[in-house]
Amino acid sequence: MTFQQRLILLVTGLVLLAVAAVTTTMAWTTRAALTERIETEARLAAGLLARGAAQSRDIPQDVDALLSERLLSEATLTAHLVALAETAKMAPRAINDRLKQIADAGGPDEMWITDNRGRAYLHNLPGPDPLFGQDAKGGPRHGAYAGLLNRSPASVVSEPAMENGKLMKFAGVAGVDKPRIVQVGADLRRLGDLLRKSGADGLVDGLIATRAVEAAWLLDRDGRVLARGAVVADGTSLSDADTAAAKAVTPGGDVTVRVSGNSLLALAPVKYAGPTPPAAASSSGAGVPAVAAVRVAYTEPGAMLSRQLKIGGLVGIFVLALGVYACMRFARDQMAPVERLGEAVKAMEAGRFNPLTLNEAAGRDDEFGRLSRVFRRMAMEANAREETLDAQLVMRGAELETKSEKLAAAEQLIEEEQRAARDVQANLLPRQLPVGRDSQFYGILVPGHAVSGDFYDVVELDERHSLLVAAGVSGGGVPAAFLMLMVRGAIREAARSGTGPAAILTHANERLCGESPFNGFATAFVAVYDRVTGTLVHASAGHRGAARVATDGAVQYLSEAGGPPLGVRRGAPYSEATALLTQDETLFLCTDGVLQSVDGHREPFGEARLAAALAHSRGMSARDRTEMVLRTVQAHVGADGILAGDLVCLVMRRLLPVTETAEAV
């Protein structure tokens with residue numbers, strides 16, 4: 001695929017991706033907003049219907065209470081009015097006429113006033129005088145008020161009941177001037193019409209009339225429909241799943257919304273503020289509105305999403321076509337100088353470059369023009385340099401061949417020097433270590449990549465004393481071997497029976513400071529060992545790695561006594577210390593090559609790991625202990641680490657108890 005094709009594909013792909021992303025984002029955002037709005041409207045409608053249902057239960061009770069208070073007030077006023085009229089010596093007929101005028105002017109619809117025996121001799125309605133008592137003729141409405149004659153109770157309010165084809169409510173009080181019953185009544189026909197309009201059916205019809213919902217229901221706790229209404233006549237039924245969801249609504253919970261087919265069903269619990277009605281106090285709450293349900297259309301979000309996607313697809317096709325056309329024009333204009341440059345590069349590789357072929361591309365004012373001009377200048381300079389380099393290449397080839405021969409000779413000389421230094425180092429090591437039943441000796445040198453001059457030595461001073469030496473010199477190669485030779489010679493020169501380690505190091509330091517032709521130094525650990533008593537007198541010249549290993553694996557480093565490295569400062573003092581080796585205790589000596597070998601993370605082996613390895617090897621022979629330490633060092637270094645020069649170890653293990661040796665002597 002060419003660069004031009006990739007450019008067109010990239011641009012068109014980005015355009016399509018942008019159009020698809022914008023269209024999808026807008027479509028889903030619009031759908032989410034519509035869905036949220038529909039859910040909010042459904043929740044609001046269900047909540048309003050639930051609150052209306054709760055209020056429709058409380059309204060009749062409130063109205064009944066207000067009407068009862070009004071009737072009691074009117075009965076009290078009527079009692080005072082009759083008392084005043086009789087005090088004024090008005091005739092019963094005149095009082096009845098006044099009562100009729102009061103009823104016609106908007107007062108109580110019925111007014112009955114009895115004497116002290118319960119006979120209603122005053123009333124605004126024509127007819128016989130009823131008797132308020134317990135007889136059958138008086139009726140239950142009259143009998144309930146008989147207790148007012150003896151003011152037990154002082155007032156009575158009866159529940160609404162049918163009276164002569166009318167829904168009536170009565171209230172009565174005791175007389176204010178003498179024992180009597182004063183009863184008033186009100187026709188509840190208009191109040192019943194009002195309550196029907198404010199009831200469940202009226203609420204549902206009012207909500208359906210707004211056309212905000214498709215259908216609405218009021219259900220009791222058992223899921224029975226108490227009131228229903230729908231915009232379409234056949235849309236008033238609830239599915240079994242919807243009914244089950246309505247029964248599962250928590251009485252004190254929030255409004256829930258669920259998808260029901262192509263509609264959205266909102267379920268709101270009816271929360272009553274006042275006392276629970278009698279029907280709701282039963283176990284099931286049958287007959288009392290408990291859940292308000294409304295159904296709204298839910299097809300608009302899907303339709304809107306489909307429209308948005310179709311519009312986005314049409315816009316994407318148009319933008320794609322326009323983008324492809326623009327990309328092709330742009331790529332054709334921009335790729336012309338690139339093609340000229342490509343041809344010039346091929347010509348440059350073939351050695352037949354003609355600067356005139358880039359005149360058209362170099363005449364442009366954009367980046368391709370600048371690139372063409374730079375390439376033409378570089379190509380011309382490269383041709384000139386190529387001719388110069390060809391001549392210089394011949395000369396450099398001859399020089400390189402000469403230097404290669406010299407380098408090979410130098411490498412051969414270095415190898416010979418290393419071999420000679422290694423031979424010197426190997427020849428200076430003791431060929432045989434002391435043997436005997438009192439002590440066990442073992443020494444080893446593992447050569448490094450380059451000779452570092454480290455060595456060990458054991459000198460028999462007399463029949464019971466041995467001199468143990470472990471030393472390392474600075475540098476490498478022939479100078480290190482020479483320093484090693486001087487240090488070993490100086491130590492052996494001063495090694496005499498009765499001469500302590502401090503005196504030996506002092507002599508070696510003066511010798512190295514005065515006679516060494518190299519600017520180097522050496523570290524050494526010297527110890528005089530008494531094979532009879534197990535006494536070890538030792539001194540260190542800046543040397544680490546000397547340790548006493550007890551039988552229980554405890555490690556004690558013996559570098560506290562001594563002085564500076566050999567060859568650093570003339571006249572430096574050296575001190576010495578004494579240690580006692582008991583049976584199966586070991587003196588372990590090593591050089592810096594063991595302690596300073598590092599792993600792949602440049603972490604040195606160090607004294608802590610050496611002490612751990614020595615403690616782990618308790619009870620082993622001198623040879624086995626040495627080999628275990630070397631294996632531990634090599635495992636620490638691994639494949640990525642570096643051995644710090646030669647690895648030198650000298651180990652002496654005491655075999656006999658001190659007491660036995662002393663008695664034998």
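The values are calculated or read from the model by the stated rules, or taken from the named source; none is laboratory data. Predicted model only: the values in this text are computed from it and were never measured. Every residue, glycine as well, gets a Cβ built from its backbone with ideal geometry; the counts of neighbours run over all protein chains shown. Side chains included, ligands, DNA and RNA excluded: accessible areas come from the protein's heavy atoms. Shrake-Rupley method; radii C 1.70, N 1.55, O 1.52, S 1.80 Å.
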Those residues of the stretch 630-647 which are within 47 Å of the chain's Cα centre (by Cα) and closer than 21 Å to Phe525 by Cβ, in sequence order
Thr632, Val633, Leu643, Ala644
Go through (1) farther than 30 Å from Met168 by Cα; (2) at pLDDT below 75 one by one and return the number of the condition Leu267 breaks.
(2)
So which strands (runs of 3 or more DSSP E) stay within the stretch 101-189 end to end and still have 3 or more residues that are among the β-branched types (Val, Ile, Thr) and over 60 Å from the mean Cα position of the chain (by Cα)?
181-187
Would you point out the residue of the stretch 589-624, among those that are free of Cβ contacts under 8 Å to residues at least 60 places away in the same chain and among the basic types (Lys, Arg), that is farthest from Leu647 (Cα to Cα)?
Arg602
With criteria (1) in contact (Cβ under 8 Å) with a residue 60 or more places away in the chain; (2) assigned to a strand (DSSP E or B); (3) open to solvent by 50 Å² or more (accessible area, probe 1.4 Å), Ala547 comes up short on (3)
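Okay, residues lined up against (1) surrounded by fewer than 16 Cβ atoms within 10 Å (Cβ to Cβ); (2) in contact (Cβ under 8 Å) with a residue 24 or more places away in the chain; (3) touching a Gly at 6+ places or on another chain (Cβ under 9 Å); (4) not in a helix (DSSP H, G or I):
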{"residue": "Leu16", "(1), (2), (3), (4)": "yes, yes, yes, no"}
{"residue": "Val19", "(1), (2), (3), (4)": "no, yes, yes, no"}
{"residue": "Met26", "(1), (2), (3), (4)": "yes, yes, yes, no"}
{"residue": "Thr29", "(1), (2), (3), (4)": "yes, no, no, no"}
{"residue": "Leu34", "(1), (2), (3), (4)": "no, yes, no, no"}
{"residue": "Ile38", "(1), (2), (3), (4)": "no, yes, no, no"}
{"residue": "Ala45", "(1), (2), (3), (4)": "no, yes, no, no"}
{"residue": "Leu48", "(1), (2), (3), (4)": "no, yes, no, no"}
Tell me, yes or no, whether the stretch 77-84 has at least one residue that is assigned to a helix (DSSP H, G or I), open to solvent by 20 Å² or more (accessible area, probe 1.4 Å) and either in contact with a strand residue (DSSP E or B) (Cβ under 8 Å, 6 or more places away or on another chain) or acidic (Asp, Glu) (or both).
no
Could you check the stretch 641-656 and list, in sequence order, the residues that are in a loop (DSSP other than H, G, I, E, B) and in contact with a Lys or Arg (Cβ under 8 Å, 6 or more places away or on another chain)?
Leu655, Leu656
Quick one: what pairs do we get from the stretch 69-86, first residue within 17 Å of Ala154 (Cα to Cα) and in contact (Cβ under 8 Å) with a residue 60 or more places away in the chain, second open to solvent by 10 Å² or more (accessible area, probe 1.4 Å) and among the charged types (D, E, K, R), C-beta under 7 Å, 6+ apart or different chains?
Ala83/Asp177
Leu71: crowded, with 16+ Cβ neighbours inside 10 Å and more than 58 Å from the chain's Cα centre (by Cα), yes or no?
yes
Which of the residues spanning the stretch 556-610 are open to solvent by 20 Å² or more (accessible area, probe 1.4 Å), under 60 Å from the mean Cα position of the chain (by Cα) and charged (D, E, K, R)?
Glu560, Asp584, Asp592, Asp599, Arg602, Glu603, Glu607, Arg609
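The rows are residues; the columns are (1) over 17 Å from Arg180 (Cα atoms); (2) open to solvent by 20 Å² or more (accessible area, probe 1.4 Å); (3) modelled with pLDDT of 90 or more.
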site: Asp109; (1), (2), (3): yes, yes, no
site: Gly127; (1), (2), (3): yes, yes, no
site: Pro130; (1), (2), (3): no, yes, no
site: Asp135; (1), (2), (3): yes, yes, no
site: Tyr145; (1), (2), (3): no, no, no
Qualifying residues in the stretch 252-263 (those that are open to solvent by less than 80 Å² (accessible area, probe 1.4 Å) and over 37 Å from the mean Cα position of the chain (by Cα)) - the one farthest from Ala54 (Cα to Cα)
Gly261
